[in-house]
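What follows is calculated from the coordinates using simple rules that are stated; it is not laboratory data. These figures come from a predicted structure and were not determined experimentally. Here Cβ is always computed from backbone atoms with ideal geometry, including for glycine, and neighbour counts include all displayed protein chains.
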Amino acid sequence: MALSASLHLRQSQSLVMTPQLMQSIQLLQMTHLELNQFIAQEVEKNPLLEFQANDDLPGTPERGESTAGDEPAGDDFGAQDDLYDSATSPTSERLGEQLDADFANVFQDDTTPQRADAPELLGQWKSMPGSSEGEDYDLDDFVAGRKSLRETLTEQLPFALPAPSDRLIAQHLIDQLDDAGYLQADLGEVAERLGAAHTDVVRVLLTLQQFDPPGVFARSLGECLAIQLRARDRLDPAMEALLANLELLARRDFATLKKICGVDEEDLIDMLAEIRKLDPKPGTSFETSVSEAIVPDIVVRAAPDGSWMIELNPDALPRVLVNQDYFAKVSRGTQKNSADQAFLNECLQNANWLTRSLDQRARTIMKVATEIVRQQDAFLANGIGHLRPLNLKTVADAIKMHESTVSRVTSNKYMLTPRGLFELKYFFTVSIGSAEGGDSHSAEAVRHRIRAMIQEESAEAVLSDDDIVDVLKKAGIDLARRTVAKYREAMSIPSSVQRRREKRALAKAAGF
């Protein structure tokens, strides 16, 4: 068989992912913080883009005023069409510029000078930072700053360790603490790194373990609790035996603990009550990191007619404007076909693409959220027990989009409802069949039912997994025992044996 070269003409179709299309997909799944960072970068490198705060939107009625013919955003999403305008518009006058809000004019009739409540302290205030001859005090200058854990421990060093070499070791150990106050370092490695004797490092550590807050510089949970009990003079041999077997306490194996500690049931309950008063993470009270608040992307409110008002949260939608006037003005000063004109054209094209992509992102989020609210109407009205099973395909088919698009929209997006703040993915749960052939149940609703059943049980009537299966089956929910155990473990609920031991111990402790 001979091989020969040939030339054929073939026509085919293929999907090409352009850079702009890829970036549009990335915009769709960005969080509120990531979106703001991305837009800030685009505004910085594109001279035609402007970022305008939401409180400067033109034509927005002042608080307390109403506009005739207003309709909910959820009923007509067309009201959001100009959210990302490509033309600048004059900004409305601020309320603070229209009204005289100076505190000096609040009580105009009171013309008599105010007498100082503590004239003897007035001189001290004048010398403090932020004061100007007794006037214009800045109260922020007098608010005590919140000390960190390391600052608190460093302040105690000079009083406990006068030797400079000991302070050097102590400062190194302080730097090895984690946020919970535990020492994350090997003493042998510390001694080798600092060129100090191992006995000196151990001696300094024992001194540091007496610092406030009690329990810091521990290397394990048992040592942390032992330090606090020693400070309270409650570390007896029985308590030491209990701390050495914390895994038995975690399993609620009280019978074995009584034998190991050599105490009766009353003494063991006393010891458990003492341990509950301790702080297993003494360093967390000094945590200074600020938690970022979640900004909801969708706000759902109850309408007067019984339906739901669905609207995009303006705080989560940054306003991006394309300055056409600036583009026209600069274009007149550049020559045609020049590099400057090409750069301006590219900036205009990117700016228009960004505004269209942001508008499409807002519309897609609104469509998905509207369908979720329609599907989960019973949950919003009656609570988690009425959460329906829902998957991405159901929503995608309803709004005629691809499942991957719905998945990107629901990632890290939040909805504020009368029931609370929920991530959009919370509303998507698997379906659990009905025992009687009726409507299926949501897995999240079933987990909520199991949790409620366990919370209501008493020490004399603790439900086993088989009992829970029987109760659910009577309620029309067909669930296997291993599934009940899986749900229970996912909710960090111990087994029926452990719960029975704990409830009996708590009941006896309450009786004493």
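Between amide H atoms placed 1.01 Å from N, distances below 5 Å from Met309 occur with Arg301, Ala302, Ala303, all of them 5 or more places distant or on a separate chain. From the Cα gyration tensor of region 396-460, with a ≥ b ≥ c the square roots of its eigenvalues, which class applies: rounded if a/c is under 1.5, or else prolate if a/b is larger than b/c, or else oblate? The shape class here is oblate. Note on region 298-423: percent of Cα-Cα distances in each 10 Å bin, starting at 0 and stopping at the bin with the largest distance, equals 11, 32, 24, 14, 12, 6, 1. Pairwise inverse Cα distances across region 432-511, averaged and inverted, put the Kirkwood hydrodynamic radius at 13.3 Å.
Dipole magnitude for region 149-286: computed about the Cα centre from +1 point charges on Lys and Arg Cβ and -1 point charges on Asp and Glu Cβ, it is near 60 debye. Measure up Lys413/Lys473; Lys393/Lys425; Lys425/Lys503; Lys45/Lys329; Lys367/Lys425 against 25 Å on the Cα-Cα distance and list the ones that go over. Among Lys413/Lys473; Lys393/Lys425; Lys425/Lys503; Lys45/Lys329; Lys367/Lys425, the Cα-Cα distance tops 25 Å for Lys413/Lys473; Lys425/Lys503. Each residue of region 4-12 is assigned a 3J(HN,Hα), and the resulting list reads 9, 7, 9, 10, 10, 9, 10, 10, 8 Hz, derived from the Karplus form 6.51 cos²θ - 1.76 cosθ + 1.60 (θ = phi - 60°), x at Gly and Pro. Of Ile477, Ile310, Ile260, the sequence from fewest to most neighbouring Cβ atoms within 10 angstrom is Ile260, Ile477, Ile310. The HN-Hα couplings worked out from phi for region 313-319 by the Karplus form 6.51 cos²θ - 1.76 cosθ + 1.60 (θ = phi - 60°) are 6, x, 5, 9, 10, x, 8 Hz, whole numbers, x standing for Gly and Pro.
A simple spin-label model places pseudo-atoms 7 Å from Cα toward Cβ; at Phe38 and Gln341 they are separated by 3.3 nm. Sorted fewest first by neighbouring Cβ atoms within 10 angstrom, Arg276, Arg193, Arg451, Arg501 come out as Arg276, Arg193, Arg451, Arg501.
Counted residue by residue at 0.36 nm each, then reduced by the alpha carbon distance between them, the extension gain from Glu460 to Val202 reaches 87.9 nm. As a proxy for reagent exposure, ranking His441, His172 by other Cβ atoms within 10 Å from fewest up yields His172, His441.
Kindly provide the pair-distance distribution of region 149-286 built from C-alpha pairs, with 5 Å bins from 0 and whole-percent values in order of increasing distance. Percent of pairs per bin, in order: 2, 10, 19, 19, 16, 12, 10, 7, 4, 1, 0.
Database remark: amide H of Gly283 closer than 5 angstrom to the amide H of Gly181 (H placed geometrically; neighbours at sequence offset of 5 or more, or on other chains; Pro and chain starts carry no H).
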